[in-house]
Amino acid sequence: MTTATVSIGDRKVGLDQPAFVCAEIGINHNGSLDTARRLIDAAAFAGCDAVKFQKRTPEICTPPDQRDLIRETPWGRMTYLDYRHRVEFGPDEFAAIRAHCADRGILWFGSPWDEPSVAFLDALDPPCHKIPSACITDHGLVRCVVATGRTVVLSTGMSTLEEIDAAVALCDRSRLVLLHCTSTYPAAIQELNLAAMATLRARYGVPVGYSGHETGLAPTVAAVALGACFVERHITLDRAMWGSDQAASVEPQGFWRLVRDIRAVEAAIGDGVKRVYPSEEPILRRLRRVR
């Protein structure tokens, strides 16, 4: 079992470190900078280490056969391509996000879904880049992200070990964090397979974390007890909001409880040394007849 650590900003990520907790904002802002700021505030209040956004070039990431499909949205009927543009942030919004995160004392980074988006995000000097599960077989994108020289967080949902092998082979393992993930929204409890984190850790020798899409908090806390050094959950202001990721997200109060419970579990795990604590001595003297 590896004890290697990697750096994300001024935080070390590894088995011997507190779990790095990331609130995935993604596109739950629905194109609203005000909503994005409120989600950043909620993540900072909860005690998260970072928030994460997504970045796409709509003309690249929208399949040609879907671009002109009409979609019902909160802003009226529009083509799917127009919708993708409607929820995409540009330079001004990301500059505001960067400033707001700095003001709140929380890191931010993004998941680029195409190579131009890598350059866009990298110009904003994030502490790392996240490669989403959907892009793990896009080796051109993986190479582009790795070439930035930043720490890479690689999610492994929907992926075979052979596909993960191929992506990891393109990475610098000294700057790599793998995330176990089940890519359904929300994911069924019986399909979370948290034990797979140990498989990834043994196979690749890098820090391994968990990206959760389940409803509820218990499995994510359990992932930390099983050694997840990085935890990511989607955050939303309201799970009933419009958007594909909202139902698998955690609301602000729930995120506060999640971070609280993660830190409590970390404190409870201890160092593994069996000892008699000073607090036990009075009880020992009172209850044990033979010592």
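The sole residue among L179, L217 that is of a type in the set (A, V, I, L, M), surrounded by fewer than 20 Cβ atoms within 10 Å (Cβ to Cβ), under 21 Å from A43 (Cβ atoms) and under 15 Å from the mean Cα position of the chain (by Cα) is L217. Summed over the range 250-291, the residues that are β-branched (V, I, T) and not in a loop (DSSP other than H, G, I, E, B) give a count of 6.
For the residues A247, A228, A223, the requirement of being assigned to a helix (DSSP H, G or I) and modelled with pLDDT of 95 or more singles out A223.
Yes/no per residue for (1) in contact (Cβ under 8 Å) with a residue 12 or more places away in the chain; (2) touching a Pro at 6+ places or on another chain (Cβ under 9 Å); (3) hydrophobic (A, V, I, L, M, F, W, C); (4) surrounded by fewer than 21 Cβ atoms within 10 Å (Cβ to Cβ):
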| position | (1), (2), (3), (4) |
| --- | --- |
| L121 | yes, yes, yes, no |
| C128 | yes, no, yes, no |
| A147 | no, no, yes, yes |
| V152 | yes, no, yes, no |
| L161 | yes, no, yes, yes |
| A167 | yes, no, yes, no |
| S174 | yes, no, no, yes |
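Residues that are of a type in the set (A, V, I, L, M, F, W, C) and touching a strand residue (DSSP E or B) at 6+ places or on another chain (Cβ under 7 Å) within the range 233-291 comprise I235, A248, V250, F255, L258, V259, I262, listed in sequence order. For the range 222-250, taking the residues that are over 16 Å from A187 (Cβ atoms) and of a type in the set (A, V, I, L, M), the one that is surrounded by the fewest Cβ atoms within 10 Å (Cβ to Cβ) is identified as A240. Apart from one condition, D34 fits all of (1) within 26 Å of S211 (Cα to Cα); (2) surrounded by 13 or more Cβ atoms within 10 Å (Cβ to Cβ); (3) charged (D, E, K, R); the exception is (2).
Looking at E24, E72, E93, just one residue is modelled with pLDDT of 95 or more and either among the hydroxyl-bearing types (S, T, Y) or out of contact with any Leu (no Cβ under 9 Å at 6 or more places or on another chain) (or both), and that residue is E24. Residue-level check: of (1) within 19 Å of G270 (Cα to Cα); (2) assigned to a strand (DSSP E or B), D16 misses just (2). Of note, Q253 does not satisfy the criterion of being of a type in the set (S, T, N, Q) and surrounded by 17 or more Cβ atoms within 10 Å (Cβ to Cβ).
The residue pairs whose first member lies in the range 248-273 and is under 13 Å from G47 (Cβ atoms), whose second member is assigned to a helix (DSSP H, G or I) and at pLDDT below 95, and whose beta carbons are closer than 6 Å, counting only pairs six or more residues apart or on different chains, do not exist in this structure.
Looking at the structure I just gave you, is L200 closer than 19 Å to A4 by Cα, crowded, with 16+ Cβ neighbours inside 10 Å, under 15 Å from the mean Cα position of the chain (by Cα) and not acidic (D, E)? Answer is no for this residue.
Only one entry in I27, I60, I40 is surrounded by fewer than 23 Cβ atoms within 10 Å (Cβ to Cβ), within 15 Å of the chain's Cα centre (by Cα) and within 25 Å of R84 (Cα to Cα), namely I27. The combined condition, being surrounded by fewer than 14 Cβ atoms within 10 Å (Cβ to Cβ) and among the basic types (K, R), is not fulfilled by R263. Quick check on my filter: what residues within the range 29-76 are of a type in the set (D, E, K, R), in contact (Cβ under 8 Å) with a residue 12 or more places away in the chain, part of a helix (DSSP H, G or I) and closer than 25 Å to R257 by Cα? Listed by number, the residues that qualify are R37, R38, D41. With a requirement of 2 or more residues that are in contact with a Phe, Trp or Tyr (Cβ under 8 Å, 6 or more places away or on another chain) and under 22 Å from V231 (Cα atoms), the strands (runs of 3 or more DSSP E) lying completely within the range 107-170 that satisfy it span 107-112, 128-131. Selection within the range 88-106: residues that are part of a helix (DSSP H, G or I) and without any contact (Cβ under 8 Å) to a residue 40 or more places away in the chain. The member of this set that is nearest to E59 (Cα to Cα) is P91.
The values are calculated or read from the model by the stated rules, or taken from the named source; none is laboratory data. Remember, it's a predicted structure, so these values are computed and weren't measured experimentally. Every residue, glycine among them, receives a Cβ derived from its backbone with ideal geometry; neighbour counts consider all protein chains shown.
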